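For reference, the structure discussed in these notes is given below.
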Amino acid sequence: MDLCELTVAEAMEKMQAREITSVDLTQSCLDRIERVEAKIQAFITLDRKGALEQARKADTRRRSGQAGLLGGIPVALKDLLCTKGIRTTCGSRILENFIPPYDATVVERLKAEGAVVLGKVAMDEFAMGSTSESCAYTIPQNPWKNGYVAGGSSGGSAAAVAAGECLVSLGSDTGGSIRQPASLCGLVGLKPTYGLVSRYGLVAFASSLDQVGPLCRDVRDCALMMNVIGGHDHRDSTSVKREIPDYSLSLVDNVRGLRVGIPREYFVEGLDPEVEGVVRKGIELLRQAGAEIVDVSLPHTEYCVAVYYIIAPAEASSNLARYDGVHYGIRDLNADSLLDLYKNTRSAGFGAEVKRRILIGTYALSSGYYDAYYKKASQVRTMILQDFTKAYEVCDVLISPVSPTPAWKMGENVDDPLAVYLSDILTISANLAGIPSMSVPGGFSRDGLPIGIQLQGPHFREDTLLRVAHTLEKGLGKAGCAKVC
Ligand code: GLN
């Protein structure tokens with residue numbers, strides 16, 4: 001096995017024992033990228049030289065006894081996290097030339113713990129999508145099967161980790177964009193409770209829904225990453241002031257007495273039987289391990305897609321108003337008037353899906369329609385949160401599928417946005433409610449495509465999710481790296 005296929009924890013042990021250096025590890029990732037990237041297409045920007053320099057520094061730091069929690073670990077970052085001196089495109093032409101003057105807080109925290117940033121990876125433009133096919137630069141492919149999507153919007157993050165191009169990655173999740181690609185690529189992905197992880201330096205899509213989180217090869221790495229990125233940040237006004245626990249203490253193989261809820265409404269029509277089979281196997285495993293299985297209802301689930309596709313575009317239409325050709329990114333230099341400058345820059349800079357969302361959002365917020373759409377959606381959002389609060393009176397964690405189907409063929413749904421929106425049905429309610437949610441590998445379809453299991457818990461109970469995920473992983477196994485050929 002190549003070094004690039006190690007988990008973070010395994011690599012840390014080997015570096016600690018002086019068996020390998022960060023330069024070895026980083027070089028192994030770069031070699032893998034060299035070999036498979038023509039196929040995987042995960043990277044928008046690769047910083048070979050910078051990565052090796054950081055690796056050498058990490059090795060020096062380790063020799064002086066200050067390795068840090070991620071000392072020398074090669075990571076890839078979704079290209080909507082600001083990186084000082086490294087282009088941050090958000091998958092959009094409009095930010096083609098944007099080089100941030102600062103690091104996002106999460107990036108700063110990774111670097112402070114010694115991580116080596118390899119580069120920036122592909123995503124749907126402004127994180128709007130479920131396949132990464134709306135990325136203006138490169139479209140990642142699923143490492144498990146040629147011609148299949150890696151999921152989205154953090155598809156580049158998932159593809160890079162699953163293909164061994166990096167050890168771990170950060171993504172963002174507004175309506176499932178960490179969990180769904182993790183599920184489609186056989187990884188562990190966690191969307192934290194809203195407010196647990198800083199959004200400072202994360203390019204905003206829908207500010208009341210966005211959270212940053214890790215995509216990893218196993219649950220242990222996920223706990224480690226949460227220890228690094230979680231916790232209060234005074235630069236994000238929605239960041240919660242609260243002590244975070246040591247998440248690695250959750251990795252105990254004991255779910256005895258834990259109440260696991262099965263949300264009736266999540267076993268929907270159109271759910272792929274193989275996906276359902278994998279989730280049912282996970283439920284059985286937990287039952288045998290001593291968990292109590294209870295049926296629960298989240299009655300407002302049927303409204304989630306409608307509510308999300310009002311609220312997210314409404315916030316996006318406001319957030320994206322800043323791309324005007326003046327403040328950031330590209331500019332139309334031939335415009336005769338200020339209005340033309342705005343119009344031409346935005347027409348050329350944004351892709352079709354982003355324009356669609358801006359139109360929907362602007363419409364939903366316009367006077368005369370605000371009450372009927374945005375206000376109504378906000379009210380139903382509260383009811384969706386209340387569904388969860390009620391469910392958590394009788395259970396500690398909810399178990400369900402992540403995506404109704406395994407990965408699909410590239411190009412299959414590009415002309416049918418509604419079909420893609422509907423595939424988000426099982427993940428978006430966690431963002432609307434602000435609760436933590438994760439995806440854990442559950443098995444494979446007959447076609448060799450990974451299938452994930454989703455866990456959701458009450459606010460700030462990432463520890464419970466990790467504990468259940470650990471037991472699932474012990475019983476069902478890890479997916480490991482795909483053999484890209
Ligand atoms: N697929 C959803 C959307 O298109 C979620 C995206 C996300 O979580 N960033 O909006």
### Query
Once phi is turned into ³J(HN,Hα) by the Karplus curve 6.51 cos²θ - 1.76 cosθ + 1.60 with θ = phi - 60°, what whole-Hz value does each residue of segment 459-474 show in order, with x for glycine and proline?
3, 6, 9, 4, 4, 5, 4, 5, 5, 5, 4, 4, 5, 4, 5, 4
### Task
Please give the peptides 424-430, 363-369, 45-51 ranked by average Cβ packing (other Cβ atoms within 10 Å per residue), highest first, as a rough proxy for protection.
424-430, 45-51, 363-369
#### Entry: Whole-Hz ³J(HN,Hα) from phi, Karplus 6.51 cos²θ - 1.76 cosθ + 1.60, for segment 117-126, glycine and proline x
8, 7, x, 10, 10, 5, 7, 4, 3, 6
### Task
Convert 10 °C to kelvin, take the viscosity as 1.306 mPa s, use the Kirkwood radius over C-alpha pairs of the chain as Rh, and evaluate the Stokes-Einstein diffusion coefficient in µm²/s, rounded to a whole number.
72
## Note on the structure
The simple spin-label model distance between Thr60 and Tyr369, using points 7 Å out along Cα→Cβ, in nm, is 5.7
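By average Cβ neighbour count within 10 Å, what is the ranking of 4-13, 144-153 from highest down? The partial results should precede the final answer.
Working: 4-13: 20.3, 144-153: 24.9.
Per-residue mean Cβ counts within 10 Å order the peptides as 144-153, 4-13.
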### Task
Round to the nearest 0.05 the FRET efficiency obtained for Lys281 and Leu339 when R0 = 56 Å and r is the Cβ-Cβ distance.
0.45
### Sum of side-chain charges, Val296 neighbourhood, beta-carbon under 13 Å (Lys, Arg +1; Asp, Glu -1)
-3
### Query
What ranking do 250-258, 189-197, 400-408 get when scored by the average of other Cβ atoms within 10 Å per residue, highest first?
189-197, 400-408, 250-258
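Taking K and R as +1 and D and E as -1, what net charge do the other residues with C-beta under 15 Å from the C-beta of Pro100 add up to?
Details: positive: Lys78, Lys84, Arg87, Lys111, Lys120, Arg199, Arg235, Arg322; negative: Asp47, Asp79, Glu96, Asp103, Glu108.
Around Pro100, the surrounding residues sum to +3.
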#### Entry: Over the chain: helical MRE at 222 nm, DSSP H runs n ≥ 4 each giving -39500 (n - 2.57), nearest 500
-11500 deg cm²/dmol
### Task
Starting from the Cα of Asn254, step 7 Å toward the Cβ, then list every residue of segment 434-470 with an amide N under 14 Å from that point.
467-468
### Rounded to whole Hz, the Karplus (6.51, -1.76, 1.60) HN-Hα couplings of segment 225-235, x for glycine and proline
5, 5, 4, 7, 8, x, x, 4, 9, 5, 7
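For the chain, what % of the accessible area comes from carbon and sulfur atoms, probe 1.4 Å? It would help to have the intermediate numbers written out before the result.
Values: 9350 of 18170 Å².
It is 51 percent, rounded to a whole number.
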### Query
Any idea of the accessible area per residue across segment 28-123, 1.4 Å probe, to the nearest Å²?
37
### Message
My understanding is that a pair violates if its Cα-Cα distance is over 29 Å; which of Lys49/Lys478; Lys111/Lys241; Lys120/Lys474; Lys191/Lys478 do that in this structure?
### Response
Lys49/Lys478; Lys120/Lys474
### Those residues of segment 58-79 whose amide nitrogen sits under 14 Å from the label point placed on Arg18, 7 Å along Cα→Cβ
60, 62-65
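Considering Cα pairs under 8 angstrom that are at least six residues apart, work out the relative contact order of the chain and quote it in whole percent. Write out the running numbers ahead of the final one.
Working: 1196 pairs, mean separation 88.0, N = 485.
Reported as a whole number, the value is 18 percent.
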### Query
Which far-off residues, 5 or more places away or on another chain, put their amide H under 5 Å from the one on Gly261, with H placed in the peptide plane?
Val294, Asp396, Val397, Leu398, Ile399
### Query
In the neighborhood of Asp221, defined by Cβ-to-Cβ distances under 12 Å, what is the net charge if each Lys or Arg adds +1 and each Asp or Glu adds -1?
0
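Express the relative contact order of segment 211-344 as a whole percentage, based on alpha carbon pairs under 8 Å and six or more residues apart in sequence. List each step's numbers first, then the result.
Details: 96 pairs, mean separation 22.7, N = 134.
Relative CO of segment 211-344 lands at 17 percent.
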### Query
Label-point separation (nm) for Thr362 and Asp332, each offset 7 Å from Cα along Cα-to-Cβ?
1.3
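The values are calculated or read from the model by the stated rules, or taken from the named source; none is laboratory data. If you're wondering where the values come from, they're calculated on a predicted model, not measured in any experiment. Positions of Cβ are generated from backbone atoms using ideal geometry, with glycine treated the same way; all protein chains shown enter the neighbour counts. Heavy atoms of the whole protein, side chains included, go into the accessibility calculation; ligands, DNA and RNA do not. Shrake-Rupley method; radii C 1.70, N 1.55, O 1.52, S 1.80 Å.
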